[in-house]
Structures are given as C-alpha cells and as structure tokens.
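The values are calculated or read from the model by the stated rules, or taken from the named source; none is laboratory data. This is a predicted model, so every value here is computed, not measured. Reconstructed Cβ throughout: ideal geometry from the backbone, glycine too, with neighbour counts over all protein chains shown.
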There are 2 protein chains.
Amino acid sequence: MNISLRNAAFFLLALSHFGIAAVASAQTAPKPEAIVIEEQGSFSAGGKAVTTPGTFNNKAPTSQGQSIHGDHLYAFFQIPQNPRPLPIVMLHGAFQSGRSWETTPDGREGFQTIFLRRGFPVYVVDQPRRGRAGNSTVAAAIEPTRYDQLFFDQFRIGVWPKYYDNVQFDRDPNTLTQFLTSVTPNTGPYDPGVISHAMSAVLDRTGPAILFTHSQGGGPGWLTAIKNPNVKGIVAFEPGSGFIFPDGEVPDSMPSAAGTLPAEGVPVQEFEKLTRIPIVIYYGDNFPVEPTSERGQDNWRVRLAMAKLWVAAINKHGGDAKLVHLPEIGIRGNTHFLFSDLNNIEIADQVSKFLAEQKLD
Amino acid sequence: MNISLRNAAFFLLALSHFGIAAVASAQTAPKPEAIVIEEQGSFSAGGKAVTTPGTFNNKAPTSQGQSIHGDHLYAFFQIPQNPRPLPIVMLHGAFQSGRSWETTPDGREGFQTIFLRRGFPVYVVDQPRRGRAGNSTVAAAIEPTRYDQLFFDQFRIGVWPKYYDNVQFDRDPNTLTQFLTSVTPNTGPYDPGVISHAMSAVLDRTGPAILFTHSQGGGPGWLTAIKNPNVKGIVAFEPGSGFIFPDGEVPDSMPSAAGTLPAEGVPVQEFEKLTRIPIVIYYGDNFPVEPTSERGQDNWRVRLAMAKLWVAAINKHGGDAKLVHLPEIGIRGNTHFLFSDLNNIEIADQVSKFLAEQKLD
C-alpha cells in the first residue's frame, strides 16, 4: 500500500469516526525523505531500590523481604546513520512527558524527528515519577484536576477562549485536543534532585552530549550540568523555575499575578560549573511589559525577568550564556511550546545556528 | 564518531559510573542493518473531556468552567519504507507501558523494532491511565508497593531468588533491574471498557490492522476486536484475564494459589464477532501440571486452563483460534514476557509463520 494513500485513509477514517480525542490535522507538506536509523531502543537510568526487611515468602507474599525499583527515568533513543558526534538529550517540562518533543499537536514532526533528520542521535526522556517512568519510591495522590483553560492561558495560546491573533498554534479543535492530551500527571513528588540524578546517569551512558530542556525541566537541567561534565551545552526553552544563583548573590523573589517566583542559592563552586559550557535560552511571544492581572501572561513576565538576571550572573562569573527573546529578533507568536509551534522549523534553525556557532554540531 | 565505539563507550562508562538502575548488558551480536523509516510520530486516541459547570475566570482560576482531558491512550508509530499492508498495534499488560515491546531487558531489539524490520508499520500503545497516557478522569492513589520478588515469581523468571534452570532470561543483575524498572503504575482505575474504547479509536486511524496483546491486555484486546472490524487478527501473548464467553456458556471460576480467576459472559452476538478473525495465543514454560502452592506458577495453571476452554468456545462457534503452549512444540524456558526473552527472535518467527499462514502479512 502506498504511504500517501495510507495517510489519506487515516485522516478520512479519523474524521468520520473519531470521538473528541483522536485525530491530528491532515498535513499538506510534501512527503519528506525517509529516515535512516542505525539503532533505536529504550532503557531506564538512575533511580534506586528500597526493600522491606524480612524474608520473602513465595507462597504467601507480603511486603516482607520485597523491594520496589523507582525514581529512575525512561529514555527512548534513536541514532541516525552517520551521526554527528554529540547526541541531544531532551527533557520535558511540568505536566508533560517525552511526548512534548514528538509529533506536534497539529500532526507535524517535532524536535525529536527534526534533529534526528539533522544527524543528531536523539534521546527523549520521561523524567522520574512521570510517564513511562512512573514508579516512585514515595506515594502520591492523583486528582483529575481541571486545568485545560488555565493551561490555555499559562502556555500562552491565548486568553481563554480567545487565541492570540498572532499565535503560532493551529486553530483546528483537534489540535487543541492533541495538545491537552499530552498532559500527564506526576506519580510521585516533584524532586529536581531525583531528576538530575537520573539525568546524570543518562549522560554517563551517552558520553558528551547537548541538553535541551523545557520549562520546569530548566532547573533540573542546570543541576544535571553541575553533576555531569558530559553536558557540553544547554538549549533551554522557556525555563520556568529552579533558577540558581551563587550563595550571597541570590536576587529577591518576584511576585506576579500567578504567584511568587523564588530564586535559589547554591555554592559558588557549583554555580561556576555552569560557566564552562555555552547556554542559550529562548522565550516566545505575548509577554507583558508591565505587571498585569492576566495570570497566564504575568507568570512569564517574572520568569523572563529572572532569566535575564540569571544570564547576567553566569556571564559575570565568566560564562557564556545568551537569552533570546524571539520577538526581539522578529519571530512572533510563539507559545510556551516553541518547539512544537507552527514555526518550529524556524525555531530549529535558530538552535542549529547556535549549535554551529558553538561548534557543538 | 563510529557507532560501535560509541556503544563501547556507553557500556564502559555505564559499568564504571552507574547506580543500580542504569545499564543494559553489552550486546555481542553483529551490527544489524539500518532501519529505513518513512514516517514516525505519536498521537492520542479515545478518551473524553469532563467539565465543571460555571465560567472560567482567567484572573483567578478555579475549577469553575474548566475541563480535563483524560482516559485517552498514547501511541507511538513508525512506518517503514515499502510497508506491508497491515500495521501491527501492540497493547501491553498490567504494570507495564509500551516499553514492554521496545528494547529487551538485556539490551536487544524487542518486537517493536523486530516487526518494523520485517516490514510492518508498528503502533506501540500506552493504555489509558498508564505511562504517557496518565491523565485519568477518575482519581487514584499511587502506593510504592514492593512487588519485585512477587513479579519475579509471577512472571516466571524463577522462584525468588532462584532463576529457573532453563529460563530464557539473562542472569546479569542489570538485566533484572531493567526489567523491574519497566514497571509503571495505574494512574486511574483499570477499566477494560475505557481501554478498548481508546484502542478502537486507534484502529479507526490505522485502518485494517493486526493486534498484539500481552497478559492483562488480552481482555481489552477481545473487546477491541468486538468493537472494531478493522482488527483482522489477534496474537495474544499469555492472556491473563478478561476471558469472555457467550452468556449461558460461562465456565466456572477457577481457584488457584494466586486467587480465583473468573470467566465473564457477553451476548452471543458480541462473542461471535471474534469468530470472524484468526486468533493465536502463546504461553511459555514452567507451568505446573497439577495444582501447587507455588503462587507464581499456580497463577498460570488456571489461566492456561481457561484459555483452552476459551479457544474451544471460539472454535465451537465457528471461529479460528489456536493455542500454542510453546514447550509442546519444543520451545522451552519462556517467561511471561515471551517477546523480550532471550529467544525472542524464535518467538517472532513463530508469529511471522502464523501471519503468513493467515495471509495477514
């Protein structure tokens, strides 16, 4: 069966049969080249086992003498033919899994496949206590919290129910459904130390590599680079929390309509490990200049402001960090998910340019 | 950098640096051919949105007027160049995610990549309320239950702490760690109706397809084939629950050292939808012939017995089902995870033979 026919069949069937949560938009782009993969697979890394004292009774098992493995991460990797020397390890943000980097909500290729096509080995992670790495050594309660509209605002798709006029997000309702179904809960308490421990174990496996982080993943990303010298560069998309500064140089917390953003102190020797690698941070569009009562926007006003202080601190200590606020270089309409927006090829080109400038490709 | 060098570096680094949960065994097999992929990506299917009445307040959000999307599944797909006509959709079992079908615990290729290499488009699913499809419309509590030793027995690796002499499972401790870290919890109540609803939405998208199920996935697999005529054949690996019979023909429940296995009734018209497609069921080794107090073994004695009644019922109603107890055809030592055992190529060959006989390839 011809692939194009198959796809046409998918979409026709989908459009005629599906319920609310089943279909990505049809693609109009020409069929891309095939991808040639040398090796692919998955593994866990990091984590620990905890054991209840006693002797296991095979015939009447209780917790006595039994262990649980938890707090590891899950990684899926693909190595293309004739790979570039440095792999890319991709760490998602809050409420997300590795799916963040896969197909975009409107059905196009995401950064997993785009950077694979550009010759990089790609490792896509589910952090500990999330997604396929769900086993946690600490209990959690999962509530079906109704957050769709809050996310629409907070991820800067618009001000619910209105899309921003310039937003790089497809208006098909199925696109929004695919986006909202990429949300997946924590299965244990969020812990940047646990995450960076497991990430460091991935970097032990990959060898020297580039780290991409998104949003809440930014903080564990800095910690991973502090823990493991195999991190040779960081591309951070809209880091949202976990901004660390040298003890004694920690800026004031920043209040916003979405709550107060704290900065955190670490020993200067730890901080300065981040000055040895190139770092670039990207933020998208529709940030307010002045404080606003619009929660979804104001949340990002303080994060952008904190990131600017953070970049200045890195550079003051001899580092090489850069913050790119995309509207300032003429790239408009990006949401919090720059890498899956309608212009994600343009964003990938920005990243490729950075990697080339820094000789990381 | 040469791939073989890269892998050598992975494993040396891993062996020297990793904690307990970080490394797969080194492979000794010759480097396989590259895989040529036309298209890959992921999507959600099925599920629903539930909404709290009221109006969303962007400036002070509460649950009022907000929705949650949940109960969908997640699927990752790859379509090889020159694909065979029927894709394969793979549904995992209890405590597992799509990772079941990926890399084996000892680091070799699993059925995802093996059947991709054999020319099939492959769709690997995380069922609703599991893995990357974690959002549930119903709350759940997640306890870090200590089950490693119970799983060792129940998945027939051995009788903890002793491996079965003939078991097709690598003895490297890292292999067991990779196996135990593939465990991931339910993030909402287990519901075969929810799962088969979402699976049916995948089948709407794929068109005619073959369904592979494992263990607890067996039950939702039968329900999916009843709901969607696009299921053209089923390969069930060690179905463990959800055995459905025509109302009035339901066999007695079967007690065992691991609890009582019930059979379930459905209207005969529903049941007979399963008589229109070829079905094969595989079970592995180390089943007891007589009842035993060894819980991990006795659990499977009754499941095998029930599956034999089930196959007889399908065939009595004019169907085409077959049960293969692998030791009876000379294939020994298989665990509950046949498709990732050391002899998984031999198991894949059995499956390929079935698909060819049934003209499903």
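The set of residues in the stretch B:191-221 being over 22 Å from B:Phe115 (Cβ atoms) and either more than 14 Å from chain A (Cβ to nearest Cβ) or in contact with a His (Cβ under 7 Å, 6 or more places away or on another chain) (or both) consists of B:Pro192, B:Gly219. Put simply, of A:Pro173, A:Pro185, A:Pro220 the only residue that is assigned by TED's automatic domain parsing to the domain that holds A:Phe115 and farther than 19 Å from A:Asp71 by Cα is A:Pro173. Condition check: more than 7 Å from chain B (Cβ to nearest Cβ), touching a residue at least 60 places away in the same chain (Cβ under 8 Å) and more than 17 Å from the chain's Cα centre (by Cα). Does A:Asp172 satisfy that? Yes; evaluated as a whole, the condition is true for this residue. Across the stretch A:132-169, the number of residues qualifying as without any contact (Cβ under 8 Å) to a residue 60 or more places away in the chain, in a helix (DSSP H, G or I) and under 16 Å from A:Gly284 (Cβ atoms) comes to 1.
Could you look through the stretch B:252-286, keep only residues that are in contact (Cβ under 8 Å) with a residue 60 or more places away in the chain, assigned to a loop (DSSP other than H, G, I, E, B) and away from chain A (no Cβ under 14 Å), and pick out the one that is surrounded by the most Cβ atoms within 10 Å (Cβ to Cβ)? Among them, the one singled out is B:Gly284.
Looking across the stretch A:120-131 at every residue that is assigned to a loop (DSSP other than H, G, I, E, B) and of a type outside the set (D, E, K, R), the one that is surrounded by the most Cβ atoms within 10 Å (Cβ to Cβ) is identified as A:Pro128. Total residues in the stretch A:205-239 satisfying the condition of being surrounded by fewer than 24 Cβ atoms within 10 Å (Cβ to Cβ), of a type outside the set (Val, Ile, Thr) and over 9 Å from the mean Cα position of the chain (by Cα): the figure is 11.
Condition check ((1) facing chain B (nearest Cβ under 9 Å); (2) surrounded by 21 or more Cβ atoms within 10 Å (Cβ to Cβ)) across all residues:
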site: A:Thr55; (1), (2): no, no
site: A:Gly98; (1), (2): yes, yes
site: A:Phe115; (1), (2): no, yes
site: A:Arg118; (1), (2): no, no
site: A:Ala133; (1), (2): yes, yes
site: A:Thr145; (1), (2): yes, no
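Residues that are part of a loop (DSSP other than H, G, I, E, B) and either out of contact with any Cys (no Cβ under 9 Å at 6 or more places or on another chain) or within 7 Å of chain A (Cβ to nearest Cβ) (or both) do occur in the stretch B:70-81, at least one of them. Listed by first and then second residue, the pairs with beta-carbon distance under 6 Å, at least 6 apart or on different chains, first residue in the stretch B:313-327 and under 14 Å from B:Gln269 (Cβ atoms), second of a type in the set (Asp, Glu) and surrounded by 15 or more Cβ atoms within 10 Å (Cβ to Cβ), are B:His317/B:Glu272.
Do we have any residue at all in the stretch B:217-231 that's aromatic (Phe, Trp, Tyr), touching a strand residue (DSSP E or B) at 6+ places or on another chain (Cβ under 8 Å) and more than 30 Å from A:Asn57 (Cα to Cα)? Outline the logic, then answer.
Narrowing the stretch B:217-231 to residues aromatic (Phe, Trp, Tyr): B:222.
Going one step further and asking which of them are touching a strand residue (DSSP E or B) at 6+ places or on another chain (Cβ under 8 Å), we end up with B:222.
Now drop any that are not more than 30 Å from A:Asn57 (Cα to Cα), which leaves B:222.
Yes, the stretch B:217-231 contains a residue that is aromatic (Phe, Trp, Tyr), touching a strand residue (DSSP E or B) at 6+ places or on another chain (Cβ under 8 Å) and more than 30 Å from A:Asn57 (Cα to Cα).
List the number of the failed condition for A:Ile157; all other conditions in (1) more than 27 Å from B:Val124 (Cβ to Cβ); (2) more than 19 Å from the chain's Cα centre (by Cα) hold. Of everything listed in (1) more than 27 Å from B:Val124 (Cβ to Cβ); (2) more than 19 Å from the chain's Cα centre (by Cα), A:Ile157 misses just condition (2). Of all positions in the stretch A:293-305, none carries a residue that is more than 20 Å from A:Leu150 (Cβ to Cβ), buried (at least 19 other Cβ atoms within 10 Å of the Cβ) and in contact with a Pro (Cβ under 8 Å, 6 or more places away or on another chain).
Checking each residue in the stretch A:59-82 for being among the polar types (S, T, N, Q) and crowded, with 21+ Cβ neighbours inside 10 Å picks out A:Gln66, A:Gln78.
For A:Ser100, the requirement of being polar (S, T, N, Q) and touching a helix residue (DSSP H, G or I) at 6+ places or on another chain (Cβ under 8 Å) is met. State yes or no: is A:Leu304 in a helix (DSSP H, G or I), over 30 Å from A:Arg118 (Cβ atoms) and of a type in the set (A, V, I, L, M)? No, not satisfied. For the stretch B:147-172, the candidate set comprises residues that are closer than 18 Å to B:Ser100 by Cα and of a type in the set (S, T, N, Q); within that set, the residue that is surrounded by the most Cβ atoms within 10 Å (Cβ to Cβ) is B:Gln168.
The single condition among (1) closer than 27 Å to A:Ala45 by Cα; (2) crowded, with 23+ Cβ neighbours inside 10 Å; (3) touching a Gly at 6+ places or on another chain (Cβ under 9 Å); (4) not charged (D, E, K, R) that B:Leu180 does not meet is (3).
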